[in-house]
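*Asks:* The structure that follows is given in the form of structure tokens.
The values are calculated or read from the model by the stated rules, or taken from the named source; none is laboratory data. Only a predicted model underlies this, so the values are computations on that prediction, with no experimental measurement involved. FYI the Cβ positions are ideal-geometry reconstructions off the backbone, even for glycines, and counts take in every protein chain you see. To get the accessible areas, we keep the full protein, side chains included, count just its heavy atoms, and leave off ligands, DNA and RNA. Shrake-Rupley method; radii C 1.70, N 1.55, O 1.52, S 1.80 Å.
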Amino acid sequence: MKSNSIYKYFTGITFYRVALHLVFLILIVPFQLYGQDVEKPRANYKLAMKFTSDKVDELIHDTRINATWLEDLDQFWYRFKNDDGTAFYLVDPARRTKEPVFDNAALAAELSQFLHKPYDPKQNPVTTIKFVKNNSAVEFEVDSIKFEYTIATKAVTFLDSIKSKPEDNAGNWRSYNSDSTYVAFARNHNLFVMQADDPDSTEYQLTTDGERWYSYARDDGDTSKTERIRSRNIWFTDSDKMYVSRQDRRKVGDLWVINEIDDPRPTLETYKYPMPGEDNVPQYELWFFDADDKSSVKADADKWIDQAIGGTYVGGGGIFRGKTDDKLYFVRRSRDWKDIELCVTDTETGEVKVLISERSEPYYNVRYIQLSIINDGNELLWWSDRDGWGHFYLYDSEGNQKSRLTSGPFMAERVTKIDTTGRVLYFTAVGREEGEDPYYTHNYRVNFDGTGMQLLNPESGVHSARFSQSNNFFVDNYSRIDMVPKAVVRDNKGNSLMELEEIDISRLEEAGWKMPEPFKVKAADGITDIYGVMWKPFDFDPEKQYPIIAHVYPGPQTESVPKTFSATNRNVSLSQLGFVVIAVGSRGGSPQRNSAYHTYGYWNARDYALADKKAAIEQLASRHSFIDIERVGIYGHSGGGFLSTAAMVVPPYNDFFKVAVSSAGNHDNNIYNIWWGENHFGVKMVKKLKSSGNEIDSVGTEGGGGRDDRGAASQSTDTGDDDEEEYEIVWETNIDTNPEMAENLKGRLLLVHGSIDNNVHPANTTRMVNALIKANKRFDYMILPGRRHGFGPMNDYFVRMLWDYFAEHLIGDSNKNVDIFKIDKKK
């Protein structure tokens, strides 16, 4: 009995000890391990900091040649900086020579004697030069002193001290005509003119109807009464006549931002800001003035309700001067952006004649509008995408088409040069060359009759040409996102004559930098090719899995997918934290493909790009095992801020994307600007009976109609009764917003906005915040005080937030690295 009790006693103790050990293993050990850094995932901040833009700039210098052609000569100079220092070169393509302009050692010695301080021969302080004395010498400035350098003798001569420019507005109000005999300016919103050579000459007031927001001044919101300020006038070439494109914005709604950090009191900033669907929008006028006889004429340009003359987003500003002052060409656009007309006006009478009429559904691509006035207006070169692709057409002075210069399934983009004698057009185009990225820009030439189409620079990449005045030669800079930039000189047939520079990135590569990788995938329709770029960590391990982050912008004017070489792209440093980062296009994102691609997102302001971003990531994950498709982030600015937030609130994408950083997003396009919302997302004119408010029908933009006292269109319609019943025309939009989807928020969302953003008003993000709070959702929100649409000196702080947010929520590194950037407290 006794021994059995002892056995039970010791057996109980053993069981008790075992139980304690188990409790220790289960509860205590995990807490100890949790505190050990070796087990915690870490973002690689050290590598990310090594490849910020500032650090990379120390490892690479100039990446392109900015050639300046000499007047009336087939020679040019350029300044170039590399690891050997800064040098100026003079190039003669015909002789295929490249000679240094300065002997840097001799220049440094001469400057040291003149200015009594040392100069390093490698650090040439000269920034620009001007050839003089039959190109035997150059003038330049250093330390506010003008010098002359004789190339043959290497002698430096002192010329003059440069007077500092006035710090105030003195002098900036002057607008000189071609021979500087007259100067125009504005005062109290009216237009004045005076003799330029006599500061005490009589001022002539040309207008009396100017007022704030209906002004002849460049700043139509100016509140000064007596000061001379810059006017809106543009002088005709070699003439005493000028024109003014004027807007009446008096009835346009006001918008405000408050600069909370102004001293000593916060200040209110008021500005005009028309929004989609509003009745009161800017009304355009075109005026002509003669400084000699002080006469004025208004162009008879009215046609459509709420039309625009030139204006925002229109290529070339939509107003075009020739060499003579008797006529002016302008583009007139309907409010719904479907109809445009090229018109010419008689500057003496104001009479307007329509030369070319175009209508495009769902809207006209006004950004590419171009007019070249040839042979004093006897011929006109016009760009149009009437067949779904952008091409050039030649017209006579009466608007009759003479020839089509380009055709085919590609986009002719920009006029580079016109040889009127040889009747040859030099231009850029994309999407014509088989087997390459359709966004790569090449240069071409074609005869005015449409024959002789020739590619001038066949190397795969994005090309940029600068022609000589004679059209005999051009400098060609070209690169790709995965190819080092090169610069060559070619003749006008495309023959490569000499290589100027190939950028040296050896120090960058020695530091561990690697090229990003371009890729091609299918859009969500399984048919359309979309193109992108991938950045990977430079310590990349193919056996690991990495979260993937998409940098997005929805377009439709650009996809923000880089095509040219860039060592300092923000995605370079972001990827070093331990992410795969991509930027990829989407249907509706760019005008460079064709009209169908460009306008895919019309009447859908929110969802159209998300399907393609998701499809791209899924395809990349199926190709690459190192992509973790369960950890997907997204970020963007402005329209990209709008789209990245949409990814978190719009099903089914809010299940796919897990983390978003959205900065300066136009989350509610009903309060973004009229030009963006109505152009890309739709507006229609609707007839409504004034008596009942009932809709009669949707109408086009053809026809007239007066305007009532509030600026709305007012017409009458025959109802069949003896009396006619009045109706009004209102503008309706169909704009989806992020706030209306706030209740669907999933994942982690960081919203950031500048407090005085006068482009995308902070109310866009505030409304999103309000909707999320009402939906009882958790999110993060940061206002950057005193910052506009760009974050300026607070950009580094924003980048730090971006890094930390993704590191915490995609990698699991919640250690806030608050000191990784040094913020300049003086800014």
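*Asks:* Write out, first by first residue and then by second, each pair whose Cβ atoms fall under 6 Å of each other, whose residues are 6+ apart or on separate chains, and whose first residue, in region 484-498, is closer than 15 Å to Ser470 by Cα while the second is among the acidic types (Asp, Glu).
*Replies:* Matching pairs, first to second residue: Arg490/Asp476.
*Asks:* Moving to a separate point now. Could you please find all residues in region 394-405 being surrounded by fewer than 19 Cβ atoms within 10 Å (Cβ to Cβ) and at negative phi?
*Replies:* Of the residues in region 394-405, the ones surrounded by fewer than 19 Cβ atoms within 10 Å (Cβ to Cβ) are 396-404.
Within region 394-405, Asp396, Ser397, Glu398, Asn400, Gln401, Lys402, Ser403, Arg404 qualify.
*Asks:* Looking at region 485-505, can you tell me whether even one residue there is closer than 30 Å to Gln75 by Cα and within 23 Å of the chain's Cα centre (by Cα)?
*Replies:* Checking region 485-505: at least one residue is closer than 30 Å to Gln75 by Cα and within 23 Å of the chain's Cα centre (by Cα).
*Asks:* Is it the case, given these coordinates, that Ala196 is in contact with a Phe, Trp or Tyr (Cβ under 8 Å, 6 or more places away or on another chain), open to solvent by less than 20 Å² (accessible area, probe 1.4 Å) and either over 15 Å from Val244 (Cβ atoms) or touching a residue at least 40 places away in the same chain (Cβ under 8 Å) (or both)? Explain how you work it out, then say what you get.
*Replies:* Numbers: in contact with a Phe, Trp or Tyr (Cβ under 8 Å, 6 or more places away or on another chain): yes; open to solvent by less than 20 Å² (accessible area, probe 1.4 Å): no; either over 15 Å from Val244 (Cβ atoms) or touching a residue at least 40 places away in the same chain (Cβ under 8 Å) (or both): yes.
The answer is no for Ala196.
*Asks:* Then there's this: If you go through region 511-559 one residue at a time, how many are buried (at least 19 other Cβ atoms within 10 Å of the Cβ) and hydroxyl-bearing (Ser, Thr, Tyr)?
*Replies:* 3
*Asks:* A further question on this structure: Which one is nearest to Asn477 (Cα to Cα) among residues in region 417-447 that are open to solvent by less than 10 Å² (accessible area, probe 1.4 Å) and over 21 Å from the mean Cα position of the chain (by Cα)?
*Replies:* Ranking the qualifying residues of region 417-447, first place goes to Asn443.
*Asks:* Could you tell me whether region 412-433 includes any residue that is part of a loop (DSSP other than H, G, I, E, B) and farther than 29 Å from Pro93 by Cβ?
*Replies:* Yes, region 412-433 has at least one match.
This table checks each residue for (1) open to solvent by less than 10 Å² (accessible area, probe 1.4 Å); (2) in a strand (DSSP E or B); (3) in contact with a Phe, Trp or Tyr (Cβ under 6 Å, 6 or more places away or on another chain).
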| site | (1), (2), (3) |
| --- | --- |
| Ser590 | yes, no, no |
| Gly601 | yes, no, yes |
| Lys614 | no, no, yes |
| Gln619 | no, no, no |
| Ser622 | no, no, no |
| Ile634 | yes, yes, yes |
| Thr645 | yes, no, no |
| Asp655 | no, no, no |
| Asn666 | yes, no, yes |
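*Asks:* Criterion first (more than 23 Å from Asp491 (Cβ to Cβ), without any contact (Cβ under 8 Å) to a residue 24 or more places away in the chain and of a type in the set (A, V, I, L, M)) does Ala152 satisfy it?
*Replies:* Numbers: more than 23 Å from Asp491 (Cβ to Cβ): yes; without any contact (Cβ under 8 Å) to a residue 24 or more places away in the chain: yes; of a type in the set (A, V, I, L, M): yes.
Against the criterion (more than 23 Å from Asp491 (Cβ to Cβ), without any contact (Cβ under 8 Å) to a residue 24 or more places away in the chain and of a type in the set (A, V, I, L, M)), Ala152 qualifies.
*Asks:* Continuing with the same structure: Scan region 345-370 for residues that are assigned to a strand (DSSP E or B), open to solvent by less than 10 Å² (accessible area, probe 1.4 Å) and within 16 Å of Trp382 (Cα to Cα) and report the count. Reasoning before the result, please.
*Replies:* If we filter region 345-370 for residues that are assigned to a strand (DSSP E or B), which is where we start, we get 345-346, 352-359.
From the residues that got through so far, the ones that are open to solvent by less than 10 Å² (accessible area, probe 1.4 Å) too are 345, 356.
Still in the running and within 16 Å of Trp382 (Cα to Cα): 356.
Matching residues across region 345-370 total 1.
*Asks:* Which of the following residues is in a strand (DSSP E or B), in contact with a strand residue (DSSP E or B) (Cβ under 7 Å, 6 or more places away or on another chain), surrounded by 14 or more Cβ atoms within 10 Å (Cβ to Cβ) and not acidic (Asp, Glu): Phe158, Phe147? Please lay out each step first, then the result.
*Replies:* Values: Phe158 fails: surrounded by 14 or more Cβ atoms within 10 Å (Cβ to Cβ).
Answer to the selection: Phe147.
*Asks:* Among the residues in region 309-331, are any open to solvent by less than 40 Å² (accessible area, probe 1.4 Å), over 27 Å from Lys294 (Cα atoms) and among the polar types (S, T, N, Q)?
*Replies:* So far as region 309-331 goes, no, none of its residues is open to solvent by less than 40 Å² (accessible area, probe 1.4 Å), over 27 Å from Lys294 (Cα atoms) and among the polar types (S, T, N, Q).
*Asks:* For Glu341, state whether it is at pLDDT 95 or above and either polar (S, T, N, Q) or assigned to a loop (DSSP other than H, G, I, E, B) (or both).
*Replies:* Considered against the rule, which asks whether it is at pLDDT 95 or above and either polar (S, T, N, Q) or assigned to a loop (DSSP other than H, G, I, E, B) (or both), Glu341 comes out as no.
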